[in-house]
Amino acid sequence: MPIYGTALLAACHLLGIILGDLLGRALGMTTNVGGVGIAMILLIVARYYLHRSGRLNAASEKGVIYWGAIYIPVVVAMAMQQNMLVALKGGPMALIAALASVLVCGCFVAFINRGEPLPHPDSNEVESR
């Protein structure tokens with residue numbers, strides 16, 4: 001069975017990793033800063049744009065929804081591998097970064113929820129395109 005939406009996820013992931021590396025270098029670090037989060041935001045924006053322009057067929061949209069749902073638990077599992085005690089001993093930057101990321105995500109959720117909701121992939125509106 002083909003899994004649709006994989007190419008879109010892969011493109012967003014690669015672009016997110018590149019942008020995360022560039023952000024890390026701009027901040028004077030040798031590590032990726034937020035690449036996976038940037039990739040998730042790009043996936044949401046790409047899905048919304050493609051849906052609005054009518055370029056995303058129903059099967060591909062279901063695949064993108066699937067990958068979007070799987071992506072978050074994978075990111076949480078990756079974050080669980082980090083050593084939080086070492087991060088907290090390194091200074092208050094970890095706490096500031098955590099609070100800032102929660103605030104930014106909250107703003108994005110509020111912004112996304114202000115628009116009209118996307119129809120469910122099983123609805124007739126998506127299949128009629």
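Every read-out reported here was derived from the displayed coordinates using simple, explicitly stated rules and does not represent laboratory data. Remember, predicted model here, so these are calculated numbers, not experimental data. Glycine gets a Cβ as well: all are built from the backbone with ideal geometry, and neighbour counts include every protein chain shown.
Tell me, what is the FRET efficiency for Leu50 and Ala110 to the nearest 0.05, using R0 = 22 angstrom and their Cβ-Cβ distance as r? The pair Leu50/Ala110 has a calculated efficiency of 0.45. Counting only Cα atoms, the size of the range 1-41 along its three principal axes is 44, 14, 10 Å, in decreasing order. Between Ala58 and Leu14, what FRET efficiency comes out of the Förster formula 1/(1 + (r/R0)^6) with R0 = 30 Å and r the beta carbon distance, rounded to 0.05? Calculated value: 0.75.
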